[in-house]
Amino acid sequence: MSSKARLDWSHQGRVAKLVLAAPPGNVLDRAMLAELQAGAEAIAARGGVNAVVLTGEGPHFSYGAAVEEHLPGEIVATLAALHGLLRRLVKLPAPTLAAVRGQCLGGGFELALACDLVLAEENARLGCPEIKLAVFPPAASALLPVRIGAARAAELLLTGRSWTAAEAHHHGLVTRLAPPDQLREELETWLERDLLPLSAAALRHATAAARRPVRRALVEDLPDHEHRYLEELMAEPDALEGLQAFLAKRPPRWQRPAAPTPPGSPAREPVGR
């Protein structure tokens, strides 16, 4: 694997670690997604794995996907790569743990949502800010209601705000908290105490059973969200404006829709007739 992602093995090959290795932001462009996919395929081909850890190199888990790869002409391939990786992750034959520090946003947040367990440093922040760019996150829209319920999911999806790790832990999205700068130590304690003593075969079957609601969301709900995003949302002028404004570092200029005509009102003649 190249420098944008790395697959490491530890504990006599019983723990696989997929590392987002493009700090400081670990932006999930298609090159990184392809390398993570290759790493996941390598893990799937190997038996006797007790845990798979996803983590980011540097101060942040991930700022999210590359915004320029969400523009028309790019977005179809981008969503295919991201959603293909998520579907691969939920088929891995071992529990998946997202180990999160710093920012965990957008596509990076969707990676964490696809994992079975989340360990986060107390100063981490997690969320999906896509609505602020006049788009929405298809995978998070499918996975968040499964993880935390529809009402709490709506808060994140519709406002674009991010949660502190403590808030995410309170709502059940983060499984365990780690003190600042103690992510690695807490991860090792968790692995050695709770997962490594167990049978890899039993974990494989238990993981498949526990993931059924998540896999169902990716199979049944995600295609509908993806279709809405590609075929309907991307036809809206505001979607392109939001992405271009972000890239240009300027405030967006949203299109103001025309007021609807009240029922029964006579049609207005065009000026000049």
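The values are calculated or read from the model by the stated rules, or taken from the named source; none is laboratory data. Fair warning: this is a prediction, and the values are worked out from it, not measured in the lab. Counting neighbours? That spans all protein chains shown, and the Cβs are built from the backbone with ideal geometry, glycine included. Areas reflect the complete protein model, heavy atoms only, side chains present, ligands, DNA and RNA absent. Shrake-Rupley method; radii C 1.70, N 1.55, O 1.52, S 1.80 Å.
Values for this structure:
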{"quantity": "Unmet criterion (only one of (1) more than 25 Å from Ala140 (Cβ to Cβ); (2) modelled with pLDDT of 95 or more; (3) over 24 Å from the mean Cα position of the chain (by Cα)) for Arg204", "calculated": "(3)"}
{"quantity": "Pair list, Cβ under 6 Å, 6 or more apart: segment 143-165 residue part of a helix (DSSP H, G or I), other residue of a type in the set (Gly, Ala, Ser) and open to solvent by 70 Å² or more (accessible area, probe 1.4 Å)", "calculated": "none"}
{"quantity": "Flag if Ala210 is open to solvent by 30 Å² or more (accessible area, probe 1.4 Å), closer than 30 Å to Val76 by Cβ and aliphatic (A, V, I, L, M)", "calculated": "no"}
{"quantity": "Members of segment 31-48 found to be charged (D, E, K, R) and either touching a Ser or Thr at 6+ places or on another chain (Cβ under 6 Å) or within 15 Å of Ser3 (Cβ to Cβ) (or both), listed by number", "calculated": "Glu35"}
{"quantity": "Residue that is modelled with the lowest pLDDT, among those in segment 1-35 that are more than 18 Å from the chain's Cα centre (by Cα) and assigned to a loop (DSSP other than H, G, I, E, B)", "calculated": "Met1"}
{"quantity": "Residue check, Phe136 within 17 Å of His83 (Cβ to Cβ), in contact (Cβ under 8 Å) with a residue 12 or more places away in the chain and open to solvent by 10 Å² or more (accessible area, probe 1.4 Å)", "calculated": "yes"}
{"quantity": "In segment 52-82, the residues that are farther than 30 Å from Pro237 by Cα and open to solvent by less than 10 Å² (accessible area, probe 1.4 Å)", "calculated": "Val52, Val53, Leu54, Gly56, Phe61"}
{"quantity": "The lone exception for Leu54 - which of (1) assigned to a strand (DSSP E or B); (2) more than 17 Å from Gly107 (Cβ to Cβ) it fails", "calculated": "(2)"}
{"quantity": "Checking Gly102 against (1) touching a residue at least 24 places away in the same chain (Cβ under 8 Å); (2) surrounded by fewer than 21 Cβ atoms within 10 Å (Cβ to Cβ); (3) more than 17 Å from Ala66 (Cβ to Cβ), the condition it does not meet", "calculated": "(2)"}
{"quantity": "Identity of the residue in segment 1-51, among the polar types (S, T, N, Q) and over 20 Å from Thr207 (Cα atoms), that ends up surrounded by the most Cβ atoms within 10 Å (Cβ to Cβ)", "calculated": "Asn26"}
{"quantity": "Residue check for Asp116: under 12 Å from Val100 (Cα atoms), among the acidic types (Asp, Glu), open to solvent by 30 Å² or more (accessible area, probe 1.4 Å) and in contact (Cβ under 8 Å) with a residue 12 or more places away in the chain", "calculated": "no"}
{"quantity": "Odd one out for Leu156, checked against (1) surrounded by fewer than 17 Cβ atoms within 10 Å (Cβ to Cβ); (2) within 14 Å of the chain's Cα centre (by Cα); (3) aliphatic (A, V, I, L, M)", "calculated": "(1)"}
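Yes or no, residue by residue, for (1) hydrophobic (A, V, I, L, M, F, W, C); (2) outside any helix (DSSP H, G or I); (3) within 24 Å of Gly58 (Cα to Cα):
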residue: Leu173; (1), (2), (3): yes, yes, yes
residue: Asp181; (1), (2), (3): no, yes, yes
residue: Arg184; (1), (2), (3): no, no, yes
residue: Glu188; (1), (2), (3): no, no, yes
residue: His205; (1), (2), (3): no, no, no
residue: Pro213; (1), (2), (3): no, no, no
residue: Glu220; (1), (2), (3): no, no, no
residue: Tyr229; (1), (2), (3): no, no, no
residue: Gly242; (1), (2), (3): no, no, no
